[in-house]
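**Student:** My structure is below; once you've seen it, I'll send some questions.
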Amino acid sequence: MATYEEIVARIDRLPISRWHNFVRVVLGFCTFFDFYDAAAIAYVLPVVIGMWHLSPGEIGLLLSSGFAGQLVGSAFFGWIGERYGRIFALNFSILLVSLFGLLCAFAWSYPALIVLRLIQGIGIGGEAPMAVTYVNEISKTERRGRFVGVFQLLSPVGLVGAAIIGVWVVPHLGWQWMFIIGAAPAFAMIFIRRSIPESPRWLARHGRLAEADQVLQRIEAKISGGLTLATPAAPLAPAQEPVRAKIRDLFHGMYLTRTISVWLLWFCAHSIIYGLIIWLPSLFRTVYKLPVEQSLQYSLLANIAALAMAALVALVIDHVGRRPVLFLSYAGAAIALLALWALKTPSPVTVMLLTALGSTSISAAGLALWIYASEVYPTPMRSLGTGAASAWGRAAAIAAPMMVGFLLSATNNVGNVFLMFAAAGLVGAAVMFLFGVETTGKLLEEISPDIDAAVSSGKLSAVPR
């Protein structure tokens, strides 16, 4: 019977193929709509604000309701992914996203939309961590950052897609169609069930070695076309007995520093990404008194700039490294937003340009964090660790919109909003500089040593960072 080490070595010898790209396309389709659905509410808001006469506090609560669901979903599906498998968790999350996204289109009141967004958010919070975990586990060590980064690029594409679709759909077809379009991921479940098997890494680490071997044989046959593949590289070290990770395992030894650092990085990045980007159309509409269509267009320009930066990062992250990319991303966002705060009374065009610069900078972190977080934990903890880290991003997405509403109501000064986001950028840069781990060009089992039995028994603290 195959061993865990052999399964890992066989995965790492596979050349990037049509099968790998098929997986990225199907799961990327889901990831696109995951972020589309998260951002769709921003382009619905300028209409429902007037329709239901919402106050700033009510706007913040509506924005935060979806992210509250995502907070629950990230942690819940991280656990589901470790216990029942990546593909089971992925299909479950897609079902929630599609079904309750469709129901949002028929929301009859403000409270109803809050409840439906909350439940849809549970699925949204689970889909992205499961997808990126799976893609990471089937990738080669060589150029893994680019392989995962190009896949994860569909996250900012989803944000831009929501903006582009919203600019035309909301004025012409109505706000309900933003949610109807967001139910599209249901179609991907057909391809996932037929053509994407469970992660061989996950199967092997859960003691299902015969099944992992069979799955990998089918993948190898598809990729090789009957030809003999290169001999696998020798594994780094023997694996321990299969274990089932628990939440407390995230805080043993070197994983304590990694966990706290990753949680802070996610919280800071998503405070800016969701607090700023989600509120931006409404800020242009309510603070700067721009028409609805122009508010959406200005927000679209900021999202396009962020997408361009994310694409660049996906292409160069294996050459530059994770630590420099993340540090510069947070620092760049902080500088742009501090400048916006210092201007006191900027024009709408200046706000558009500087928020575009801040969004462009932090979008690099938004993409790199998905790669980084899924690399710094071993296989039995990868889904759990990535999901928990993502949950802190969702927590930020809950808190930041509400803080924007609070600051606008309490101080009537939009400059304080920009200062808050600049502070988040500074904290993120400091955390990455002091505690970041470079993972570029290393086998997953080398980055996060395969000492899971020691993690479970509490002996990991003896292992050096």
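**Student:** L99 label point, 7 Å along Cα→Cβ, cut-off 16 Å on backbone N: hits in the range 111-140?
**Tutor:** 116-127
**Student:** What angle, in degrees between 0 and 90 and rounded to the nearest 10, separates the Cα long axis of helix 322-342 from the longest principal axis of the Cα atoms of the chain?
**Tutor:** Result, in degrees: 10.
**Student:** Order the peptides 133-146, 426-439 from the highest to the lowest mean number of other Cβ atoms within 10 Å of their residues.
**Tutor:** Values: 133-146: 22.0, 426-439: 18.4.
Going from most to least packed, we get 133-146, 426-439.
**Student:** Quick one: putting +1 on the C-beta of Lys and Arg, -1 on the C-beta of Asp and Glu, what dipole do you get for the chain around its Cα centre, in Debye to the nearest 20? Spell out each step's value before the answer.
**Tutor:** Working: 32 positive and 24 negative charges, 20 e Å.
So the magnitude is around 100 debye.
**Student:** Further question: Between the range 338-412 and the range 152-189, how many Å separate their Cα centres?
**Tutor:** Centre-to-centre (Cα) distance: 21 Å.
**Student:** Explain nothing, just the number: dipole magnitude of the range 50-181 about its Cα centre with +1 on each Lys and Arg Cβ and -1 on each Asp and Glu Cβ, in debye rounded to the nearest 20. Walk me through the numbers on the way to the answer.
**Tutor:** Values: 7 positive and 5 negative charges, 69 e Å.
Here the size comes out at about 340 debye.
**Student:** Between rounded, prolate and oblate, where does the range 1-56 land on the alpha carbon gyration tensor, with a ≥ b ≥ c its root eigenvalues, rounded for a/c under 1.5, else prolate if a/b exceeds b/c?
**Tutor:** Details: a/c = 7.12, a/b = 3.60, b/c = 1.98.
Here the range 1-56 falls in the prolate category.
**Student:** Okay, helix-only estimate at 222 nm for the chain: each DSSP H run of n ≥ 4 adds -39500 (n - 2.57), divide by all residues, round to 500 deg cm²/dmol; what do you get?
**Tutor:** On the way: 19 runs with 359 residues, N = 465.
Rounded to the nearest 500, the figure is -26500 deg cm²/dmol.
**Student:** Note the count of lysine pairs whose C-alpha atoms are less than 22 angstrom apart in the range 4-462, limited to pairs 8 or more residues apart or on different chains.
**Tutor:** Values: K140/K222; K140/K442; K246/K459; K289/K344.
Lysine pairs satisfying the spacing and distance rule in the range 4-462 number 4.
**Student:** Right, something else. Can you tell me which of 361-367, 123-129, 337-343 comes out highest on packing, and rank the rest after it, using the mean Cβ neighbours within 10 Å? Don't skip to the end; give the middle numbers.
**Tutor:** Numbers: 361-367: 28.4, 123-129: 30.6, 337-343: 19.1.
Top to bottom by mean Cβ count within 10 Å: 123-129, 361-367, 337-343.
**Student:** Three principal axis extents, largest first, for the C-alpha atoms of the range 4-462, in Å?
**Tutor:** Rounded to whole Å, the extents work out to 64, 44, 37 Å.
**Student:** Of the options F35, Y377, A128, report the single residue whose Cα projects farthest towards the positive end of the charge dipole of the range 4-462 (beta-carbon charges: Lys, Arg +1; Asp, Glu -1).
**Tutor:** The residue sitting farthest along the positive end of the dipole is F35.
**Student:** Let me ask another. Please report F179, F187 as a ranked list, fewest other C-beta atoms within 10 angstrom at the top and most at the bottom.
**Tutor:** Working: F179 24, F187 14.
By the 10 Å Cβ count, ascending: F187, F179.
All of the numbers you see were taken from the coordinates with simple rules; none came from a lab. For clarity, every value in this text was computed on a predicted model and none was experimentally measured. Because the Cβ atoms are built from the backbone with ideal geometry, glycine has one as well, and the counts that use them run over all protein chains shown.
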